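Here the structure comes first, spelled out in structure tokens, and everything after it is commentary.
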Amino acid sequence: MSAATVSFQVPSPLGPRPVTVSFAREGAGEPLLLLHGIGHHRQAWDPVVHILAAEREVITVDLPGFGQSPALPDGLTYDLPTTSAVFGAFCEALELDRPHVAGNSLGGLLALELGREKLVRSVTALSPAGFWSEAERRYAFGVLLTMRHISRWLPLPLVERLSRSAAGRTALTSTIYARPARRSPEAVVAETLALAGATGFDDTLRAGGSVLFTDDIPGLPITVAWGTRDWLLVRRQGVRAKRVIPGARLVRLPGCGHCPMNDDPALVARVILDGSR
């Protein structure tokens, strides 16, 4: 998939501000928007895109300040209401009429927020943020900050060398993947660079410090899926999500880590397709 960009205006206290987002689209059918987690990029979805594109028009997006999308301009913050407004404007610019949405981690939280705002047809949230206890949040943020520090400290030649072996890929990515050896060397290098270069990382993490998702989302198909080997946002958070959103379908992803798309692409694609019928 070749990337494209789209620019649009988003309201702010200082007046409308221009936002540019990098995205790619593939396939045909009802539109399906895919949102990645903090520090990642749209290529996190590569393992499942071709499966999904057989039945959906798939739009993968770099969140503002991540991947190839520039940071938000002055006047816009990285909080949930702003990001929801950004993606409402993004869908309008691409003429996407209430797409289905699936998100992972931060992207899962954003997907649920879009569902709460009734901007989408269905939501599939894979290990979404926002259902943590305070201790669990502090732990996850500490791990993320450590990953960010390592990604910025490691010289590129060392990252490339580590990525060539299963043991090296495990050292670099076992925090988010249960089966890191399955990730390609090229993908591991690219996502390490994406984490190091994410201009929106610090502001997004700061904005997430007080976030809890506490609203039910009635009248919309909601799926919450959690990997049994998610060590970043532990799976008991899925039980909390089910309490908050009683009508949600809670799905267990056996053997999957925090970013399950790479650990079991066929299973994750099936969960997303079933949730977006």
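Give a residue-ordered list of calculated ³J(HN,Hα) values for segment 161-171 (Karplus: 6.51 cos²θ - 1.76 cosθ + 1.60, θ = phi - 60°; whole Hz; x for Gly, Pro).
5, 4, 5, 7, 10, 4, 5, x, 5, 5, 4
With a cut-off of 8 Å between alpha carbons and a minimum separation of six or more residues, what is the relative contact order of the chain in percent?
20
Of all the accessible heavy-atom surface of the chain, with the other protein chains kept in place and a 1.4 Å probe, what percent is carbon and sulfur?
The value for the chain is 55 percent carbon and sulfur by accessible area.
From the phi angles alone, apply the Karplus equation (6.51, -1.76, 1.60; θ = phi - 60°) to segment 232-238 and give each ³J(HN,Hα) in whole Hz, x where the residue is Gly or Pro.
Coupling constants for segment 232-238: 8, 10, 5, 5, 4, 5, x Hz.
Does the chain classify as rounded, prolate or oblate by the C-alpha gyration tensor (a ≥ b ≥ c root eigenvalues; a/c under 1.5 gives rounded; else a/b over b/c gives prolate, otherwise oblate)?
It is rounded, given that a/c, with a ≥ b ≥ c, falls under 1.5.
Ignoring ligands, DNA and RNA, what accessible area per residue does the chain give at 1.4 Å, in Å²?
Accessible area per residue, the chain: 41 Å².
Identify the GluC sites (Glu not before Pro) of segment 90-161 meeting these criteria: DSSP loop state and at most 15 other C-beta atoms within 10 Å of the C-beta. Intermediate values should be presented prior to the final figure.
Values: sites: Glu92, Glu95, Glu113, Glu117, Glu134, Glu136, Glu160; in loops: Glu95, Glu117.
Sparse-neighbourhood loop GluC sites (Glu not before Pro): Glu95, Glu117.
Pairs of Cα atoms under 8 Å, at least six residues apart: use those to get the relative contact order of segment 140-204, whole percent.
Across segment 140-204, relative contact order equals 35 percent.
Give me the percent relative contact order of segment 112-246, please, defined on Cα pairs under 8 angstrom at least 6 residues apart.
40
Tell me what the chain gives for mean residue ellipticity at 222 nm when only DSSP H runs of n ≥ 4 count, each as -39,500 (n - 2.57), the sum divided by the residue total, rounded to 500 deg cm²/dmol.
For the chain, the value works out to -12000 deg cm²/dmol.
Sort out for me the Cα centre separation of segment 1-39 from segment 143-221, rounded to whole Å.
21
List the residues whose amide H sits under 5 Å from the amide H of Val224, counting only those 5 or more places along or on another chain, with H placed 1.01 Å from N in the peptide plane.
Those qualifying (amide H under 5 Å, at least 5 residues apart or on another chain) are Ala125, Arg249, Leu250, Val251.
When the chain is treated as a GNM, springs tying every alpha-carbon pair under 10 Å, which of Val224, Val189, Val101 comes out with the largest mean-square fluctuation?
Checking each option, the largest mean-square fluctuation is seen for Val189.
Taking amide H positions as placed 1.01 Å from N in the peptide plane, with prolines and chain starts having none, which residues 5 or more places from Glu30, or on another chain, fall under 5 Å of its amide H?
Close amide H contacts, sequence-distant or interchain: Glu57.
The values are calculated or read from the model by the stated rules, or taken from the named source; none is laboratory data. Just so it is clear, the structure is predicted and the values come from calculations on it, not from any experiment. No Cβ is skipped: glycine too gets one built from the backbone with ideal geometry, and neighbour counts run over all protein chains shown. Just so you know, the surface numbers come from the protein's heavy atoms only, side chains and all, with ligands and any DNA or RNA stripped out. Shrake-Rupley method; radii C 1.70, N 1.55, O 1.52, S 1.80 Å.
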